[in-house]
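Right, one structure below, let's go through it.
The values are calculated or read from the model by the stated rules, or taken from the named source; none is laboratory data. These numbers were taken from a predicted model, which means no experiment stands behind them. Using ideal geometry, Cβ is built from the backbone for each residue, glycine included, and neighbour counts are taken over all protein chains shown.
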Amino acid sequence: MTESAFDSAPRLNLPEYTVSEISAAVKRSLEQGFSYVRVRGEISGFKRHGSGHCYFSLKDSEAVLDAVIWRTTAQRLAIKPEDGIEVVCTGRITTYAGRSKYQMVVESVELAGVGALLKMLEERRKRLAAEGLFDAARKKKLPYLPEVIGVVTSPTGAVIRDILHRLEDRFPRRVLLWPVAVQGEGAAAQVAAAIEGFNRLPPGGPVPRPELLIVARGGGSLEDLMAFNEEIVVRAAAASAIPLIAAVGHESDTTLIDHASDRRAPTPTAAAEMAVPVRIELLAQVRDIGGRVTTATLRLLEERRLRIEGLARGLPEPRSLLEAAVQRLDDRAERLSHGLDRFLSIKSERYRAVADRIGIATIGARVAQARERLAAFPDRLAHAMARMLEREHRSLDGLARRLEGNRQALLSALERGFALVRDASGKPVVSADAIAPGASLSLRFHDGIVGVTAEGPRRRSRSGKPGEPDQGTLL
């Protein structure tokens with residue numbers, strides 16, 4: 001027997017396994033020894049397959065562990081796995097015989113070191129909400145166009161540049177920057193002090209008091225944004241008498257100051273857009289409103305002018321009123337003259353009859369004297385009538401002037417928008433109490449007469465005094 005044959009003889013006693021048997025044995029060993037484990041590591045190479053299963057690797061500084069999340073489990077996860085985030089995965093270790101490798105089947109995923117932090121923040125949020133710091137009734141309305149805007153942020157970051165640039169584009173305003181640290185030790189105290197400091201500025205002082213505050217910071221991790229979750233900052237924001245916009249992180253980031261602020265902005269640029277309107281759009285709106293006001297005013301004045309002209313055409317001519325009065329005066333004067341002659345004639349006849357009956361000479365003498373006086377009476381009466389007529393003419397002239405003045409006053413009143421109201425018989429109506437519902441009325445305007453019918457219950461005069469008509473207004 002040769003030496004090689006002697007060396008190979010003992011190996012023939014070892015059991016022989018197939019590849020599948022070895023793979024199954026390794027699989028059983030791993031699954032029994034690591035049936036339920038928690039593994040901490042950083043996600044790398046995350047990929048979601050079309051089937052819905054998720055494949056990735058957990059790695060640390062020295063090793064890499066393949067992991068898989070089955071579709072049904074992935075649908076229940078509260079956290080969306082992403083490359084670069086550190087997580088704690090719970091599951092079991094198994095093997096994948098097709099590639100001779102072991103892997104972890106993940107059943108749950110949580111952020112490494114953040115779970116306890118998130119729980120603490122949730123408890124703090126509930127406690128502050130119970131105190132009413134987040135109530136909608138405490139929210140203040142933002143000023144439409146603040147003159148001065150106070151900004152609390154880092155003086156060296158891109159945030160302040162973005163805010164200033166956006167304000168310059170929309171509507172330039174005066175900005176006061178209170179520089180603070182936005183992360184790290186002492187950042188929360190600085191932010192709270194800045195908010196309180198702006199609120200302590202007196203109105204009209206050497207440093208203008210802002211009408212609006214913006215607390216801003218760029219995006220970052222939960223640890224980077226922790227300064228804005230501190231209770232001192234939340235209470236300072238809730239106690240601010242100046243309306244406050246919180247613009248911390250990106251749109252997906254949420255901090256406790258967002259709940260306490262009067263308005264939350266998804267980004268610092270959006271906060272600047274909330275702070276001021278667009279100047280060009282505002283100017284266009286003002287011009288549009290001004291044009292509409294001018295057009296409406298001109299249309300109103302034109303309508304009032306037409307109404308006044310219509311009222312003026314409905315008034316009678318003063319000359320026609322005077323002519324009727326003069327004619328009546330002449331008629332009365334003529335009738336008076338004829339009546340006086342007739343009266344003297346009747347009295348003379350009566351005196352003669354009395355004298356004839358009495359037949360006394362004294363009576364005759366008296367009658368003669370009476371005749372002489374009566375003979376002189378017409379002249380005296382004529383002079384008296386002339387003086388009386390002259391006085392009456394002067395009085396009539398005065399009345400004519402007053403009538404003309406009243407006519408002009410009436411025309412002026414009608415041109416200002418008033419109307420002359422008459423009832424069905426043509427008599428002027430001067431009181432609302434004199435109008436019954438359903439009564440026919442005529443309204444005389446400066447450009448004509450309009451017939452109307454009274455409707456509804458009569459209303460009391462706004463003057464508040466019984467019997468005193470409401471003067472109204474022209475415009």
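Among the residues making up segment 294-343, those that are surrounded by 11 or more Cβ atoms within 10 Å (Cβ to Cβ) and either touching a Cys at 6+ places or on another chain (Cβ under 8 Å) or not in a helix (DSSP H, G or I) (or both) are G314, L315.
Results for (1) touching a Phe, Trp or Tyr at 6+ places or on another chain (Cβ under 9 Å); (2) at pLDDT 90 or above, shown as yes or no for each residue.
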| residue | (1), (2) |
| --- | --- |
| R263 | no, yes |
| P268 | no, yes |
| A272 | no, yes |
| A275 | yes, yes |
| E281 | no, no |
| Q285 | no, no |
| I289 | no, yes |
| T297 | no, yes |
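Across segment 141-155, which residue is surrounded by the most Cβ atoms within 10 Å (Cβ to Cβ) among those that are within 16 Å of V191 (Cβ to Cβ) and among the hydroxyl-bearing types (S, T, Y)? Taking the candidates together, the pick is T153. Just one of the listed residues (R394, R407, R402, R444) is closer than 20 Å to S320 by Cα, in contact with a strand residue (DSSP E or B) (Cβ under 7 Å, 6 or more places away or on another chain) and not small (G, A, S), namely R444.
Yes or no, residue by residue, for (1) out of contact with any Ser or Thr (no Cβ under 6 Å at 6 or more places or on another chain); (2) more than 15 Å from I242 (Cα to Cα); (3) at pLDDT 90 or above:
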site	(1), (2), (3)
G132	yes, yes, yes
P146	yes, no, yes
G150	yes, no, yes
G157	yes, yes, no
R161	yes, yes, yes
V182	no, yes, yes
A194	yes, no, yes
I214	yes, no, yes
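Based on what the data block shows, is S20 in contact (Cβ under 8 Å) with a residue 12 or more places away in the chain, over 16 Å from L111 (Cα atoms) and among the polar types (S, T, N, Q)? Walk me through it before giving the result.
Numbers: in contact (Cβ under 8 Å) with a residue 12 or more places away in the chain: yes; over 16 Å from L111 (Cα atoms): yes; among the polar types (S, T, N, Q): yes.
For S20, the condition - in contact (Cβ under 8 Å) with a residue 12 or more places away in the chain, over 16 Å from L111 (Cα atoms) and among the polar types (S, T, N, Q) - is met.
Exactly one residue out of D356, D433 is exposed (fewer than 13 other Cβ atoms within 10 Å of the Cβ), outside the structural domain of D330 (by TED's automatic domain parsing) and over 30 Å from E302 (Cβ atoms), and it is D433. Per the conditions (1) surrounded by 17 or more Cβ atoms within 10 Å (Cβ to Cβ); (2) more than 29 Å from I280 (Cα to Cα), the sole criterion not satisfied by G186 is (1). Looking at segment 71-81, can you tell me whether even one residue there is over 14 Å from E110 (Cα atoms) and surrounded by 13 or more Cβ atoms within 10 Å (Cβ to Cβ)? Within segment 71-81, not a single residue is over 14 Å from E110 (Cα atoms) and surrounded by 13 or more Cβ atoms within 10 Å (Cβ to Cβ).
Need a quick list: strands (runs of 3 or more DSSP E) entirely within segment 86-163 having at least 1 residues that are touching a His at 6+ places or on another chain (Cβ under 6 Å) and assigned by TED's automatic domain parsing to the domain that holds E273.
Working: elements: 86-96, 101-111, 148-153.
Filter on segment 86-163 gives an empty set.
Taking segment 96-120 as the search range and keeping residues that are within 30 Å of S20 (Cβ to Cβ) and modelled with pLDDT of 85 or more, which one is farthest from the chain's Cα centre (by Cα)? It comes out as Y102. Applying the set (1) in a helix (DSSP H, G or I); (2) surrounded by fewer than 16 Cβ atoms within 10 Å (Cβ to Cβ); (3) small (G, A, S) to A237 leaves exactly one unmet item: (2). Filter segment 1-24 down to the residues that are modelled with pLDDT of 80 or more and under 25 Å from F56 (Cα atoms) and list them by number. Result: A24, single match.
Which of the following residues is at pLDDT 85 or above, part of a loop (DSSP other than H, G, I, E, B), of a type in the set (S, T, N, Q) and surrounded by fewer than 15 Cβ atoms within 10 Å (Cβ to Cβ): S35, S51, S44?
Numbers: S35 fails: at pLDDT 85 or above; S44 fails: part of a loop (DSSP other than H, G, I, E, B).
Just one listed residue meets the conditions, S51.
Only residues that are exposed (fewer than 15 other Cβ atoms within 10 Å of the Cβ) and small (G, A, S) were counted across segment 259-293, and they come to 3. Within segment 136-156, the set of residues being in contact (Cβ under 8 Å) with a residue 60 or more places away in the chain and among the small types (G, A, S) comprises G150, S154. Could you say whether any residue in segment 249-258 is in a helix (DSSP H, G or I), surrounded by 15 or more Cβ atoms within 10 Å (Cβ to Cβ) and acidic (D, E)? Yes. Does A270 satisfy the criteria of being outside any helix (DSSP H, G or I) and either closer than 23 Å to R138 by Cβ or in contact with an Asp or Glu (Cβ under 9 Å, 6 or more places away or on another chain) (or both)? So A270 fails the test.
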